[in-house]
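Data first, discussion second: the structure below is written as structure tokens.
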Amino acid sequence: MPWDTKDYPSSLKNLDNTVRKKAIDIANAMIDEGYQEGRAIPIATEQAKEWYKNATDKEINEVKQMSDEDLRSRGANPESSRPELLKKGEHVLPHDDGWAVKSEAAKQASDVYSNKQDAINRAKEIANNKQTNVIIHKKDGTIQKNINYE
């Protein structure tokens, strides 16, 4: 049964309303695609938070306007509501403040670490959850290593 704003996993209760709606939308799409609930919820939560950081005002308003019926009904193409970031790999890139973890399609880094290994560990965690890959760059920007979690 799809979730909505009246019936959703308790782990989403402390999220901002807009982020919660987006997480519900993503989780419902993932369930439709065959993900298990226990896997869909943490991925949807992470992706909704990342989406919110990068979303335009128009995109945020569209999610705010979503009704419970919109959240429950997936339509003909359930994938259309999932952020593209869910399928993109994580990059570990040189940054002015150290090393950045950035999803391939994101406008900005999700995390910045002074230590490269810390950035790699975070990127691995995200990529493992999304079942994508980690692309580790050298200081000069060239690719050092690609780790696949698909």
Would you be so kind as to identify all helices of the chain, as entire DSSP H runs, whose Cα atoms reach 18 Å or more along the helix's own axis and whose mean Kyte-Doolittle hydropathy is at least -1.0? 17-32
Tell me the label only: which of [x] 118; [y] 312; [z] 146 is volume of the Cα convex hull per residue in Å³ as calculated from this structure? [x]
Counting only protein heavy atoms and a 1.4 Å probe, tell me what percentage of the chain's accessible area is made up of carbon and sulfur. 43 percent
I'd like the accessible area for K58: 1.4 Å probe, protein heavy atoms, all chains in place, Å² to the nearest 10. 140 Å²
Let me have the relative contact order for the chain, percent, based on Cα pairs under 8 Å that are six or more residues apart. 18 percent
Zone of R39's modelled label, taken as backbone nitrogen in the range 100-132 under 20 Å from a point 7 Å along Cα→Cβ: 123-132
Measure of exposure for E125: accessible area at 1.4 Å probe, Å² rounded to 10, is 100 Å²
As a test of reading the structure, rank V19, V112 by solvent-accessible area (1.4 Å probe, protein chains only), most first. V112, V19
Based on the Cβ-Cβ distance of N115 and E69, what FRET efficiency does E = 1/(1 + (r/R0)^6) give at R0 = 35 Å, to the nearest 0.05? 0.15
Please compute the length gained on full extension between E62 and D7, using 0.36 nm multiplied by the number of residues separating them and subtracting their Cα-Cα distance. 17.8 nm
What is the calculated FRET efficiency for K139 to E104, with r their C-beta to C-beta distance and R₀ = 25 Å, to the nearest 0.05? 0.80
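The values are calculated or read from the model by the stated rules, or taken from the named source; none is laboratory data. Note that this is a predicted model, so its numbers are computed, not measured. As a convention, Cβ positions derive from the backbone with ideal geometry for all residues, glycine included, and neighbour counts pool all protein chains shown. The area values use the complete protein model at the heavy-atom level, side chains included, leaving out ligands, DNA and RNA. Shrake-Rupley method; radii C 1.70, N 1.55, O 1.52, S 1.80 Å.
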